[in-house]
Amino acid sequence: MSVSPSLHLPLSTIVTRLRAVGCVFAEDEARLLVGTARTADELATMVDRRVAGLPLEHVLGWAEFHGRRIAVDPGVFVPRRRTEFLVDQAVGLARPGAVVVDLCCGSGAVGAGLLAALGRIELYAVDIEPAAVRCARRNIPAGQGRVYEGDLYEPLPAALRGRVDVLVANAPYVPTDAIRLLPPEARDHEPRVALDGGADGLDVQRRVLAEAARWLAPGGHLLVETSERQAPGTARAFARHGLTPRVTGDEERGATVVIGARPATA
């Protein structure tokens, strides 16, 4: 291993420390830490924080998502690679100029990905966590989208009802009893409200679905990330609320998305 001439900390030392606490990709993480730190003291602090169990993305201050760096502060839900599939599906249904709403937006990663892929869209993003909203406002420039703090649809302008072409929701879907089984990085360092989906994991999804048809334009689409096991229940909830569902997935990324269409005519 080489030694960074500016930071004076051998990569081998960092790798050894990361391996000792169970970091599977210790070499890759060490390079990212060295490449991000600006001083030797900052690098030492970052390594200490990672060894203490803080998620790598919180240590770096960013996460790689859909080919972009997304700012992620401590205490904010880290965007997962599987959620890139949600972005891909939404891109396939949207068009430049579409009205897009991103509920449970977290860091704003999905909205930022849609802006990058589609160009100019009318984007509205919402999250209930103040720290997430602050992050989303950094990742979604004010001139390209609006970010609101509040509970699901509550803070959105009423004028959007019946106008939304694409509604995406990466709502929490971990069953309450399963949260204790999550890796400590998620369980201990991400907000519970971004993880806990209630007894069966579908509580927040049901709340999204209960009002979706009022906000969607005729022919508009709702896309919800879920798990393969939960997808049938999610799809049934779509149908109960008047949306025609289909389930799609990406095995490589471990991603499952349920897509529901509002009928184009009454």
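The values are calculated or read from the model by the stated rules, or taken from the named source; none is laboratory data. None of these values were measured; they are calculated from a predicted model. So basically every Cβ, Gly included, is an ideal-geometry build from the backbone, and we count neighbours across all protein chains shown. These accessible areas exclude ligands, DNA and RNA; they are computed on the full protein's heavy atoms, side chains included. Shrake-Rupley method; radii C 1.70, N 1.55, O 1.52, S 1.80 Å.
Results for (1) within 23 Å of Arg80 (Cβ to Cβ); (2) part of a loop (DSSP other than H, G, I, E, B); (3) in contact (Cβ under 8 Å) with a residue 24 or more places away in the chain, shown as yes or no for each residue.
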residue	(1), (2), (3)
Val126	yes, no, yes
Arg134	yes, no, yes
Arg138	yes, no, yes
Gly143	no, yes, no
Tyr153	no, yes, yes
Leu156	no, yes, yes
Ala159	no, no, no
Val166	yes, no, yes
Ala171	yes, yes, yes
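Cβ separations smaller than 8 Å between residues 6+ apart or across chains give the following pairs from region 174-192 residues that are in a loop (DSSP other than H, G, I, E, B) to residues that are surrounded by fewer than 16 Cβ atoms within 10 Å (Cβ to Cβ) and at pLDDT 95 or above: Pro175/Ala199; Pro175/Asp200. Against the definition (open to solvent by 50 Å² or more (accessible area, probe 1.4 Å) and either touching a helix residue (DSSP H, G or I) at 6+ places or on another chain (Cβ under 9 Å) or within 19 Å of Ala109 (Cβ to Cβ) (or both)), how does Val247 come out, yes or no? Judged against the criteria, Val247 is a match.
When each of Val87, Val99 is tested for being more than 16 Å from Arg146 (Cα to Cα), in contact with a Gly (Cβ under 9 Å, 6 or more places away or on another chain) and either among the β-branched types (Val, Ile, Thr) or open to solvent by 10 Å² or more (accessible area, probe 1.4 Å) (or both), the lone residue that passes is Val87.
Total residues in region 102-147 satisfying the condition of being under 16 Å from the mean Cα position of the chain (by Cα), open to solvent by 10 Å² or more (accessible area, probe 1.4 Å) and polar (S, T, N, Q): the figure is 1. Figure legend. Inter-residue proximity from region 65-82: first residues touching a residue at least 40 places away in the same chain (Cβ under 8 Å) and open to solvent by less than 50 Å² (accessible area, probe 1.4 Å), second residues among the hydroxyl-bearing types (Ser, Thr, Tyr) and in a loop (DSSP other than H, G, I, E, B), beta-carbon distance below 6 Å, spacing 6+ or different chains. Indicated pairs: Ile70/Ser107; Val72/Ser107; Val76/Ser107. Could you check, for region 215-227, whether at least one of its residues is among the charged types (D, E, K, R) and within 16 Å of Asn170 (Cα to Cα)? Checked region 215-227: at least one residue is among the charged types (D, E, K, R) and within 16 Å of Asn170 (Cα to Cα). Determine if region 221-237 includes at least one residue that is open to solvent by 10 Å² or more (accessible area, probe 1.4 Å), on the phi > 0 side of the Ramachandran plot, in a loop (DSSP other than H, G, I, E, B) and modelled with pLDDT of 95 or more. No.
Here's the yes/no breakdown for (1) of a type in the set (A, V, I, L, M); (2) out of contact with any strand residue (DSSP E or B) (no Cβ under 7 Å at 6 or more places or on another chain):
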site: Ala158; (1), (2): yes, yes
site: Leu167; (1), (2): yes, no
site: Gly220; (1), (2): no, no
site: Thr248; (1), (2): no, no
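Within region 148-173, restricting attention to residues that are open to solvent by 30 Å² or more (accessible area, probe 1.4 Å) and of a type in the set (A, V, I, L, M), the residue that is nearest to Ala264 (Cα to Cα) is Ala159.
Would you check if Leu56 is at pLDDT 95 or above, open to solvent by less than 30 Å² (accessible area, probe 1.4 Å) and in contact with a Cys (Cβ under 9 Å, 6 or more places away or on another chain)?
Details: at pLDDT 95 or above: yes; open to solvent by less than 30 Å² (accessible area, probe 1.4 Å): yes; in contact with a Cys (Cβ under 9 Å, 6 or more places away or on another chain): yes.
The answer is yes for Leu56.
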